[in-house]
Amino acid sequence: GKSGLRLNGALSYIDAYYTSVNSNINFPQSALPDGTTVCPAGPPICGVQGPGLPLDAKLPKTPKWKITFDPEYDLPLTNGATIRLIPAFTYISEMFNDSLNTPQLRRPASRLFDASIHYAGPDDKYDFAIGGTNLTNDRFVTAGSPNYGAGEVSGYYNAPRMWYASVRVKMQPSP
């Protein structure tokens, strides 16, 4: 195999915002510790009138920035095999996980780092790898929903730091 460095990456930017909303929509919303709902309309729609206007709310699951950088470095061995190093970094800017912009479901900016080392056989027929994901152990809410009637907000978190080993076999080697 050839020795070398490959640089891979991506950058995305989105300037998404509401331009109009139904006049009966009352978000952003939140809840006080006693379960009282807070929204721009105030009583009788919500228990308390709060800050914000519907057009100021953030679109759910829409980060303004996402950046990935995942270079690869191949180191050829004398037997024709290759050692491949693959680090990967991903940055995702802050976003909300729901249309109400529930504060407890806000996802702060995240910085994830994964890495793996591979041994690829001389004819690329097999690949042995060990690696880890979320090596920074950056934890954040990935989904959830408020139930203000019950006075609760439930959410699900991303996976913690994890380690793996894998073996891949190609049934027909590359020519």
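In a simple Cβ point-charge model (Lys, Arg +1; Asp, Glu -1; nothing else charged), the chain has a dipole of about 280 debye relative to its Cα centre. Within straight-line reach of residue 170, meaning a Cα separation under 22 Å, sit the following lysines at least 8 residues removed in sequence or on another chain: 2, 125. Protection proxy ranking for 11-19, 26-34, using the average of other Cβ atoms within 10 Å per residue and placing the highest first: 26-34, 11-19. In the chain, taking the dipole from charged Cβ atoms about the Cα centre, the farthest positive-side position among 81, 43, 136 is held by 81. Taken one residue at a time, the phi angles of region 138-145 give Karplus couplings (6.51, -1.76, 1.60, θ = phi - 60°) of 6, 10, 7, 6, 9, 6, x, 7 Hz. Gly and Pro are set to x. Taking Cβ atoms as reference points and 15 Å as the exclusive limit, the residues near residue 99 contribute a net charge of +2, counting Lys and Arg as +1 and Asp and Glu as -1. Entry note, the chain: relative contact order of 19 percent, from Cα contacts under 8 Å with a spacing of 6+ residues. Kirkwood's formula applied to the C-alpha pairs of the chain gives a hydrodynamic radius of 19.6 angstrom. Say a paramagnetic label sat at a point 7 Å from the Cα of residue 123, along Cα to Cβ; which residues of region 1-43 have their backbone N under 16 Å from it? Those under the cut-off are 1. Among beta bridges identified by DSSP and lying wholly in the chain, the antiparallel ones come to about 95 percent.
Local charge for residue 83 was computed over the other residues whose Cβ lies under 12 Å away, with Lys and Arg +1 and Asp and Glu -1, and equals -2. Taking all protein chains into account, the per residue accessible area for region 106-170 stands at 60 Å² (1.4 Å probe). The packing ranking of peptides 151-164, 50-63, highest mean first, is 50-63, 151-164, where packing means the average number of other beta carbon atoms within 10 angstrom of each residue. Here the chain has 58 percent of its accessible surface on carbon and sulfur atoms, given a 1.4 Å probe and all protein chains in place. Taking Lys and Arg as +1 and Asp and Glu as -1, the other residues whose beta-carbon sits under 9 Å from that of residue 141 total +3.
The values are calculated or read from the model by the stated rules, or taken from the named source; none is laboratory data. Source: prediction; values computed, not measured. Cβ atoms come from the backbone with ideal geometry, glycine included; neighbour counts cover every protein chain shown. Heavy atoms of the whole protein, side chains included, go into the accessibility calculation; ligands, DNA and RNA do not. Shrake-Rupley method; radii C 1.70, N 1.55, O 1.52, S 1.80 Å.
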